[in-house]
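The values are calculated or read from the model by the stated rules, or taken from the named source; none is laboratory data. Predicted, not measured: the structure shown is a model, and the values here were computed from it. Using ideal geometry, Cβ is built from the backbone for each residue, glycine included, and neighbour counts are taken over all protein chains shown. Side chains included, ligands, DNA and RNA excluded: accessible areas come from the protein's heavy atoms. Shrake-Rupley method; radii C 1.70, N 1.55, O 1.52, S 1.80 Å.
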Amino acid sequence: MALNDEKPYVVVWNDAVDLRHLAASIVICVAAGLPVFLGAKALFGALVDTPSLAGGYALLAGLAACVLAAAVCARLFRPKRTFGAEQAADREAAIAELERMGGTAEAFADLAPRVRAEMAELGLVRETAQEVRA
C-alpha cells in the first residue's frame, strides 16, 4: 500500500484517511442527521401519543439520514491507497503464499464474486476478467 506523499494522512481503524476529508464527512453527516432528527422528532411528537415512541422513530430517521450522508461521503472522498510497481514483490509473495495454500482459480470459485473481483483487481488471482464476472 502506498500513499500519496504530499498529503497528511493518519491511520484510523487500520485505514489511511485525509483529516480534511474526515472532518468534512463528519460535518456532512451531522448537517444531514441533526435536522432530520429534530424535524422527525417534531413530526412524530405531533402524530404519536407516546413520547418515547416518537423519540425512537425520530432517532431512526436521524440514523437513516446519517447512513445516506455516509454513502454520499464515500462517493465524494475516494480511498487514498494505491498499489504501485514497488509493491510488485509483495504481490508476488502474496500470490506464492496463496498458491502454497492451494489457492487456484478453481479454489477461489467458492468465494463471492465481489471478493474474486477485488482479488483480481489487486493482481492476486490470475484469471481473466470474464471469469471474474461469471
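Okay, here's what the table says:
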| read-out | value |
| --- | --- |
| Only one of 61, 40, 54, 24 that is in contact (Cβ under 8 Å) with a residue 24 or more places away in the chain and more than 30 Å from residue 10 (Cα to Cα) | 61 |
| Condition check for residue 98: open to solvent by 50 Å² or more (accessible area, probe 1.4 Å), modelled with pLDDT of 70 or more and in a helix (DSSP H, G or I) | no |
| Qualifying residue in the stretch 39-60 (condition: open to solvent by 50 Å² or more (accessible area, probe 1.4 Å) and either within 18 Å of the chain's Cα centre (by Cα) or modelled with pLDDT under 80 (or both)) | no |
| Members of the stretch 101-120 found to be within 25 Å of the chain's Cα centre (by Cα), of a type outside the set (A, V, I, L, M, F, W, C) and either at pLDDT below 75 or open to solvent by less than 40 Å² (accessible area, probe 1.4 Å) (or both), listed by number | 116 |
| Filter pass, residue 31 being exposed (fewer than 14 other Cβ atoms within 10 Å of the Cβ), part of a helix (DSSP H, G or I), at pLDDT 95 or above and small (Gly, Ala, Ser) | yes |
